[in-house]
Amino acid sequence: MGQGLLARAGRLGRLGVKRTLLGRHRMLLFRSYLYLAAGLLFAAIVLDYGFGYLQSSQVPVDQRWLDATFALIERDLAAVPEGERAEIAGELAGELGLGVRLLQKDDVAANSAADAWTLIDAEGNTSYLRDARSIDAIIRLGPVIEPNESVLLRLLPPLFYLSIFVVVGIWLRPLLKDINLISHGAQRFAADYREPLATAERVSELGGLARNLDDMSARLSGLIQSQKELIAALSHEMRTPLARIRFALAVMGNKSDEAMQQQLDAVNDDVQEIDELIATMLNYARLDHPDLRMNWQRVPIRPWLQQAVEKCRQPGTQISLAVSESCDAVSMDPRLMELAVSNLLVNACHYADGRVQCSVSRQNGEYMISIEDNGKGIPESERDAVFKAFTRIDDSRNRETGGYGLGLAIVARIVDLHDGRVLVETSQDLGGAKFVLRWSTPPED
């Protein structure tokens, strides 16, 4: 069942993950650029307002010039008789290039008790008025014609802020392009170890990093391929002498006495155990092959689950089923998921104290298959380790009672192919271990 089962599996389950990773990668690059540009923009705005605040806290240069001009005018006018002040004001206006007039205090209606005022006429020209107490009059300086503001001068601040985005974009573009190439190559290598990275010749700024990653991925690809080839070769080559040993044992069994037959039966059991280990290792190796193809189907869950339970039922163990009404049909690869559920049911029956419970439900767009038993359970500190290959966490789960330490690793791999996860908890109903398989509903559902 294992070989025919795994030969039909594939990479379709990974395509959705690759698209998701690609979308996240693009968003990461966009966010990096946005954060950097926004940070520089924020710093520029803060500095702009900060300089403005510091300048406003000081006496402007124009105000100093204005105070000095009024003081000189008032001094010159106070030095002459009142009748000559209008003439002197005209002379000062000619020297300064600005209008200088004397006004009576009754001619100015002020709405404040200040000594100086500013007037702006309809044309936008500004006049300055100052109360000259020494001559008991109001001095008017102006109007001062405001120069036309340059359009370019108005555009300078937004052009400055826009230049931040342009400069950051120009600086980051080759870096982001290199990161994009390396990231895509890494995604392809993660999906298929037979395609190592080849980015060193295509990057511009991150050449050293790309070469190191290319070399590392090439070495990893070679190691993984040689390891898998070695495992496959050993597994197939070992089956031939095992078959010969079985044949020899069968021949010897026909000619031996009862004591010899018992010893031969023990040797035959060992040979059978080795053969099962080889088959399990081959199944586990095929699950990690890049050419694995998923065969998604809508499967009526109750008859499918009842069939899997009947295959795993053991004497003295009661297995109960509970299927939610929302799970009449489930999207999955039925052959692969049957292998995962069978492994969990066999484990549960081994370690249960007579009761096993299997339930199927659907929550928040996810399918859930839960398998619980009333055994001793699994300590919380060791729950992550049980999904590693060849791991047996204690003496009660040894090879004689619990297989070769590959069953749960196969379960984890199959659930990963379904873009899901497997969890270990404590059963609230039975008190033993509870394994929960969760995987997302395909988009067409």
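The values are calculated or read from the model by the stated rules, or taken from the named source; none is laboratory data. Just so it is clear, the model here is predicted, and its values are computed rather than measured. Every residue, glycine as well, gets a Cβ built from its backbone with ideal geometry; the counts of neighbours run over all protein chains shown.
Quick notes on this structure:
- When region 405-421 is limited to residues that are buried (at least 17 other Cβ atoms within 10 Å of the Cβ) and assigned to a loop (DSSP other than H, G, I, E, B), the one that is modelled with the highest pLDDT turns out to be 418.
- Figure legend. Inter-residue proximity from region 160-177: first residues free of Cβ contacts under 8 Å to residues at least 12 places away in the same chain and of a type in the set (Gly, Ala, Ser), second residues surrounded by fewer than 16 Cβ atoms within 10 Å (Cβ to Cβ) and outside any helix (DSSP H, G or I), beta-carbon distance below 9 Å, spacing 6+ or different chains. No pairs are indicated.
- Restricting attention to region 303-345, the residues that are surrounded by fewer than 16 Cβ atoms within 10 Å (Cβ to Cβ) and out of contact with any Pro (no Cβ under 6 Å at 6 or more places or on another chain) total 17.
- Matching entry among 355, 335 (being of a type in the set (D, E, K, R) and within 21 Å of residue 387 (Cα to Cα)): 335
- Residue 434 meets the conditions (1) modelled with pLDDT of 85 or more; (2) within 26 Å of the chain's Cα centre (by Cα) in every case but one. The failed one is (2).
- Condition met for residue 355 (assigned by TED's automatic domain parsing to the domain that holds residue 423 and modelled with pLDDT of 80 or more): yes
- Residue match in region 347-355 (condition: of a type in the set (Ser, Thr, Tyr) and within 17 Å of residue 416 (Cα to Cα)): no
Here's the yes/no breakdown for (1) touching a residue at least 24 places away in the same chain (Cβ under 8 Å); (2) polar (S, T, N, Q):
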residue: 347; (1), (2): yes, yes
residue: 356; (1), (2): yes, no
residue: 364; (1), (2): no, yes
residue: 369; (1), (2): yes, no
residue: 376; (1), (2): yes, no
residue: 381; (1), (2): no, yes
residue: 386; (1), (2): yes, no
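- Residue within region 195-206 that is in contact with a His (Cβ under 9 Å, 6 or more places away or on another chain) and of a type in the set (S, T, N, Q) present: yes
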